[in-house]
Amino acid sequence: GQVTITWTEPATPTCTVTLNPSSVNQGSSSSLTYSSTNATTLYINNIGYVLTTGGSTTVSPSSTTIYSCTAVGAGGTGTQAASLTVHPSCTLDGTTVTHGSSATAYLASTVPYGSTCSSQSRTCTDGTLSGSYAYASCSVSAAASCTLDGETIAHGDSITSYSSQAAPSGQLCSS
């Protein structure tokens, strides 16, 4: 008799990682979905070992990150990668402005009474803020008060005043 032995090479493992969305603003998150075939272990950098049957997780890196999967099985190793682009935010006078957003900025934080606050629109693009005005708010100073004979008169108020403190007997005071 004759015996026939047939050898079948084990299938090469494969893995996939996908990100949705693949681009986010700093502080936002993305859904990372993974799967594999013919694998006994599945590893994703920046995450760790995961189930070979697949799944998903939420990722929120602070900077652009590449997620690479490595599937290992009897047929060898398979790899694949996906990149999550993270757009950095900007700061205007202590206020966060996200990538792609605009904020109104002012030339000065306060201006004298009767003046107008000068403003410009500043847009954040990948961590760089357009324009040059540095203040997130502006206020107009209150009007100054007046002083007459040691008495303070608020802006907008009025008083009756006389040209002299006394009039000769028999004459009227004139204002």
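The values are calculated or read from the model by the stated rules, or taken from the named source; none is laboratory data. No experiment lies behind these values; they were computed from the predicted model shown. Areas reflect the complete protein model, heavy atoms only, side chains present, ligands, DNA and RNA absent. Shrake-Rupley method; radii C 1.70, N 1.55, O 1.52, S 1.80 Å.
In the full protein context, segment 5-104 carries 55 Å² of accessible surface per residue, based on a 1.4 Å probe and ignoring ligands, DNA and RNA. For segment 4-54, the equivalent ellipsoid derived from the alpha-carbon gyration tensor has semi-axes of 34, 10, 7 Å in decreasing order.
Take every Cα pair under 8 Å whose residues are at least 6 apart in sequence, average their separation, divide by the length of the chain, and the relative contact order is 16 percent. With every protein chain in place and a 1.4 angstrom probe, the accessible-area ranking of Tyr162, Tyr133, largest first, reads Tyr162, Tyr133. Once backbone amide H atoms are built at 1.01 Å from N, Val17 has no partners under 5 Å, excluding neighbours fewer than 5 places away on the same chain. Binning the alpha carbon pair distances of segment 69-169 at 5 angstrom intervals from zero yields the distribution 2, 10, 12, 9, 7, 7, 6, 7, 7, 6, 5, 4, 4, 3, 2, 2, 1, 1, 1, 1, 1, 0, 0, 0, 0, expressed in whole percent.
Taking all Cα pairs closer than 8 Å and separated by 6 or more residues, the relative contact order of segment 100-148 comes to 44 percent.
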